[in-house]
Amino acid sequence: MRTGLLFVVLLLTGACFAAPSGGGGRGGGSSFEWVDMTPEALAGTWRDARTGDGIEFLSSGDFYADNVAYLLNRDGASPAPGAGSGSWSIRKLVGHLDGPNASVSLYFDVDRGVPAASGNSLEVQRVNGEVQLVIYVGAPDLDRTVRYHRVGGASIHPAQPGPPADVTRDQVIGEWLDQASGRSIVVEQDGSFHADDVSFLFRTPPFAFPAPTPGDGTWTIERAEWDPAGPWSMLHLKFNNVAGGPLHFGSRPMPLYGQSPSLLLTNYTSDESINPRHAYTKRPGT
């Protein structure tokens, strides 16, 4: 995992470059400019002064929010408060592909104590010289804006199982065995895969499947979305069939940790008490 939490304040002033103005009138008429965000500058804890809600971003790609009522509130409704967590990435703003990397995308896998498959994004703005993470609740003209400001200190959350791997194609080809159940994922030389059970990758309604659920498709090796210049640490499974029938939605990245020959292939989870981790090791000789 990357470090850099000690240099956050410096990075916020030195690594976030001003973009063309986002203009005024949105969110009550306050003027702002969108700015480039970097992983190093994002890592740490941010909190909204009005609501007290906080989000902690880890350099491992995880985030933890103590209240998701605003983060998952797209239409102005009032969902019940509660904590949530998942992974983050930094992207261009929708409709501004030539602009700065001023959008922080949140992908929830835990929402108030249950598995989730939802998401939203925060705009990165500079307002009166301060970088803020901003989300508009409901229609922008309602002026229901939540603004997260960097605060001191950080919480301690469960760590992922070691540093991310940096793998080659040949290192992932073979048969991977679940340490607990003995079920397998076979990664083939021709770019295909087949698995005894993929139900743990589809835990969230309406996509939930009973265990065991076989699946097959194609695979690629990718970098993590939160670390586009980092190691090749993701085995991305793109499904053709699940539970004996064609699948017309989704794919699933599986993180790899450690170093060969002791690589560990897992499902992504930000909270093992909600989404248990499945750990696969490669069968020797395959």
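The values are calculated or read from the model by the stated rules, or taken from the named source; none is laboratory data. Note that this is a predicted model, so its numbers are computed, not measured. No Cβ is skipped: glycine too gets one built from the backbone with ideal geometry, and neighbour counts run over all protein chains shown. We work out accessible area using only protein heavy atoms, side chains counted, and drop any ligands, DNA or RNA first. Shrake-Rupley method; radii C 1.70, N 1.55, O 1.52, S 1.80 Å.
Residues that are modelled with pLDDT of 85 or more and either of a type outside the set (Gly, Ala, Ser) or out of contact with any Asp or Glu (no Cβ under 9 Å at 6 or more places or on another chain) (or both): which strands (runs of 3 or more DSSP E) entirely in the stretch 1-80 hold 2 or more of them?
32-35, 44-48, 54-57, 62-65
Would you call Asp216 farther than 25 Å from Val110 by Cα, touching a Pro at 6+ places or on another chain (Cβ under 7 Å) and of a type in the set (Asp, Glu)?
no
If I filter the stretch 125-144 for residues that are out of contact with any helix residue (DSSP H, G or I) (no Cβ under 6 Å at 6 or more places or on another chain) and more than 30 Å from Gly82 (Cα to Cα), do I get at least one hit?
Checked the stretch 125-144: at least one residue is out of contact with any helix residue (DSSP H, G or I) (no Cβ under 6 Å at 6 or more places or on another chain) and more than 30 Å from Gly82 (Cα to Cα).
Of all residues in the stretch 244-261, how many are loosely packed, with under 15 Cβ neighbours inside 10 Å and over 19 Å from Leu106 (Cα atoms)?
8
Of all residues in the stretch 81-100, how many are out of contact with any Lys or Arg (no Cβ under 9 Å at 6 or more places or on another chain) and in a strand (DSSP E or B)?
The total comes to 7.
Enumerate the strands (runs of 3 or more DSSP E) found wholly within the stretch 160-235, keeping only those where 1 or more residues are among the charged types (D, E, K, R), at pLDDT 95 or above and open to solvent by 20 Å² or more (accessible area, probe 1.4 Å).
Because the criterion is at least 1 residues that are among the charged types (D, E, K, R), at pLDDT 95 or above and open to solvent by 20 Å² or more (accessible area, probe 1.4 Å), the strands (runs of 3 or more DSSP E) in the stretch 160-235 that meet it are 174-178, 215-222.
Do any residues in the stretch 83-99 that are without any contact (Cβ under 8 Å) to a residue 24 or more places away in the chain have Cβ atoms under 9 Å from those of residues that are surrounded by fewer than 15 Cβ atoms within 10 Å (Cβ to Cβ) and hydrophobic (A, V, I, L, M, F, W, C), where the two are at least six apart or on different chains, and which pairs are they?
Partner pairs satisfying both residue conditions: none exist.
All but one of (1) open to solvent by less than 10 Å² (accessible area, probe 1.4 Å); (2) modelled with pLDDT under 95 hold for Gly95, so report the exception by its number.
All conditions are met except number (1).
Looking only at the stretch 231-286, which residues are more than 20 Å from Pro158 (Cα to Cα) and among the aromatic types (Phe, Trp, Tyr)?
Matches in the stretch 231-286: Trp232, Phe239, Phe249.
Could you grab me the full set of residues in the stretch 244-281 that are under 15 Å from Met234 (Cβ atoms) and outside any loop (DSSP other than H, G, I, E, B)?
Ser251, Arg252, Pro253, Met254, Pro255, Leu256, Tyr257, Leu264, Leu265, Thr266, Tyr280
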